[in-house]
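Novice: What follows is a single structure, and I will ask about it in a moment.
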Amino acid sequence: DRTWDIAVPGKPVIACSNDPLLGGDPARMNPEDLLLSAQSACHMLWFLHYAADAGIVVTSYEDRPEGVGEVAPSGAGRFVSATLRPRVTVRRGADLALAESLHHRIHEVCFIARSVAFPVRIEPEFIED
């Protein structure tokens, strides 16, 4: 069995498994999912902070992160890149050029982005409501 739970006192349990390509349960989070989710969440939180400071009202934020990995002949794997594709809904009249520029400042401060050993591209999309 390749399943386990992440259990931190006082927080909901996260059911995990290894990657489905390695026989894991596709209904459970795997380490690769968790890493991309952490990258996306860290980016989102910094963006929301910078947007609030800039007076940009964000009404919705969703991301569709994608990682690219490779596996060596030995079976060792690694991420070679990731792309975050945040779809951000902002209040009509927001400075979209400023909003986009905020995304590109985040790698200077995001704990996760500063810790990974692969490039992370940002391809934001903005919608005005």
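The values are calculated or read from the model by the stated rules, or taken from the named source; none is laboratory data. The model shown is predicted, which means the values in this text are computed figures rather than measured ones. Reconstructed Cβ throughout: ideal geometry from the backbone, glycine too, with neighbour counts over all protein chains shown. Side chains included, ligands, DNA and RNA excluded: accessible areas come from the protein's heavy atoms. Shrake-Rupley method; radii C 1.70, N 1.55, O 1.52, S 1.80 Å.
Novice: Looking at (i) 20, 17, 12; (ii) 22, 16, 15; (iii) 31, 17, 13, which value of semi-axes √(5λ) of the Cα gyration tensor in Å comes from a calculation on the structure shown?
Specialist: The listed entry that was calculated here is (iii).
Novice: Moving on. Which order do the peptides 35-44, 98-107 come out in when sorted by mean C-beta neighbours inside 10 angstrom, highest first?
Specialist: Highest-to-lowest ranking by the protection proxy: 35-44, 98-107.
Novice: Hey, can you grab everything whose amide H is under 5 Å from the amide H of S17? Only 5+ residues off in sequence or another chain; H modelled, so Pro and N-termini drop out.
Specialist: Close amide H contacts, sequence-distant or interchain: W4, M29, N30.
Novice: Subtracting the Cα-Cα distance from 0.36 nm times the residue separation, let me have the gained length for S60 to E108 in nm, one decimal.
Specialist: Using 0.36 nm per residue and subtracting the Cα-Cα distance, I get 14.9 nm.
Novice: Quick one: 3J(HN,Hα) in Hz for segment 82-88, Karplus 6.51/-1.76/1.60 with θ = phi - 60°, rounded, Gly and Pro as x.
Specialist: With the stated coefficients, segment 82-88 comes to 9, 10, 9, 10, x, 10, 10 Hz.
Novice: Here's something else I'd like to know. At 1.4 Å probe size, with the rest of the protein present, what percent of the exposed accessible area of the chain is carbon and sulfur atoms?
Specialist: Summing carbon and sulfur atoms, their accessible area is 56 percent of the total for the chain.
Novice: Let me ask something additional. Work out, step by step, the length gained on full extension between S101 and A27: first 0.36 nm times the residue separation, then minus their alpha carbon distance; give nm to one decimal.
Specialist: Additional length available on full extension: 23.1 nm.
Novice: Quick one: which residues, 5 or more positions from V90 or on another chain, have an amide H under 5 Å from its amide H? H modelled 1.01 Å from N in the peptide plane, none for Pro or chain starts.
Specialist: Amide H neighbours of V90: T59, I127, E128, D129.
Novice: So if each residue of separation counts as 0.36 nm, and I subtract the Cα-Cα distance between R87 and S37, what length gain in nm does that give?
Specialist: 16.5 nm
Novice: Take A7 and S74, extend 7 Å from each Cα along the Cα→Cβ direction, and tell me the distance between the two endpoints in nm.
Specialist: 3.4 nm
Novice: For Cα pairs less than 8 Å apart in space and 6+ apart in sequence, what is the mean separation divided by the residue count of the chain, i.e. the relative contact order in percent?
Specialist: 21 percent
Novice: Further question on the same structure: Angle between the Cα long axis of helix 31-54 and the longest principal axis of the chain, 0 to 90 degrees, nearest 10?
Specialist: 10 degrees
Novice: Show that you can apply the helix-only estimate: for the chain, add -39,500 (n - 2.57) for every DSSP H stretch of four or more residues, divide by all residues, and state [θ] at 222 nm to the nearest 500.
Specialist: Rounded to the nearest 500, it is -8000 deg cm²/dmol.
Novice: At 1.4 Å probe size, with every protein chain present, just tell me what the per residue accessible area of the chain comes to in Å².
Specialist: It amounts to 61 Å² per residue over the chain.
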